[in-house]
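This report concerns only the one structure given below.
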Amino acid sequence: MRKEKTAFIEDEILIREGLFVFPRDESDTPRLIGSQCKKCGEVVFPKRNLCVMCDADEVMEEVFIGEHGTLHTYTVVRIGYEGFDVPYVLGVVELSDGKDVHVLSQIEDCDPEDLHLGMRLALTIGKIKKDVATGKDIIGYKYRPIRQ
Ligand SMILES: [Zn+2]
């Protein structure tokens, strides 16, 4: 079973607890933390206690998902909130876990001209924005194109 990393570099802030796990080592990949209903099989992200499909309570178990996905749709953000480096690509990623789960995510390491719907993406962990008050990087999950 994976453990959530609890110690971080001093100049980084985690965007929110309980969203993802870091790779265990260099050969590993990060994963998102979702929930799967033991009754109907529905998978959701972020994790929650109540099943949105069958309304069952206390049947959700934690699952690690989102290693890969495909680009469902995207936009280029040119005017951002304070702390964001613009322009950046914001996309909806359809996870490849075969469970119809979509997540909103920054798409990094790409030229918007090279993006196309359905392209394969891999989960990565990195800077989402800068915390304006402290100047520290806020770390979260993002996706990047898989290049052959
Ligand atoms: Zn359910």
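May I ask you to verify whether residue 33 is at pLDDT below 90 and in a strand (DSSP E or B)? Against the criterion (at pLDDT below 90 and in a strand (DSSP E or B)), residue 33 does not qualify. When each of 98, 83, 69, 91 is tested for being under 17 Å from the mean Cα position of the chain (by Cα), over 18 Å from residue 145 (Cα atoms) and more than 16 Å from the ligand (Cβ to nearest atom), the lone residue that passes is 98. Are any of the residues in region 124-140 under 18 Å from residue 78 (Cβ atoms) and of a type outside the set (Lys, Arg)? There is at least one residue in region 124-140 that is under 18 Å from residue 78 (Cβ atoms) and of a type outside the set (Lys, Arg).
Scanning region 100-124 for residues that are at pLDDT below 95 and either on the phi > 0 side of the Ramachandran plot or part of a strand (DSSP E or B) (or both) yields a count of 2. For residue 97, state whether it is in a loop (DSSP other than H, G, I, E, B) and closer than 19 Å to residue 20 by Cα. Considered against the rule, which asks whether it is in a loop (DSSP other than H, G, I, E, B) and closer than 19 Å to residue 20 by Cα, residue 97 comes out as yes.
Scanning region 48-64 for residues that are surrounded by 18 or more Cβ atoms within 10 Å (Cβ to Cβ) and more than 9 Å from the ligand (Cβ to nearest atom) gives a single hit, 63. Would you confirm, using the coordinates I've provided, whether residue 69 is at pLDDT 95 or above and either small (Gly, Ala, Ser) or touching a helix residue (DSSP H, G or I) at 6+ places or on another chain (Cβ under 6 Å) (or both)? Here the answer is yes, as residue 69 does meet what is asked. Residue selection: residue 42 satisfies the criterion of being over 21 Å from residue 29 (Cβ atoms), within 16 Å of the ligand (Cβ to nearest atom) and acidic (Asp, Glu).
The values are calculated or read from the model by the stated rules, or taken from the named source; none is laboratory data. Quick caveat: nothing in here was measured; it's all calculated off a predicted structure. Neighbour counts are summed over all protein chains in view; Cβ atoms, including those assigned to glycine, are modelled from backbone coordinates with ideal geometry.
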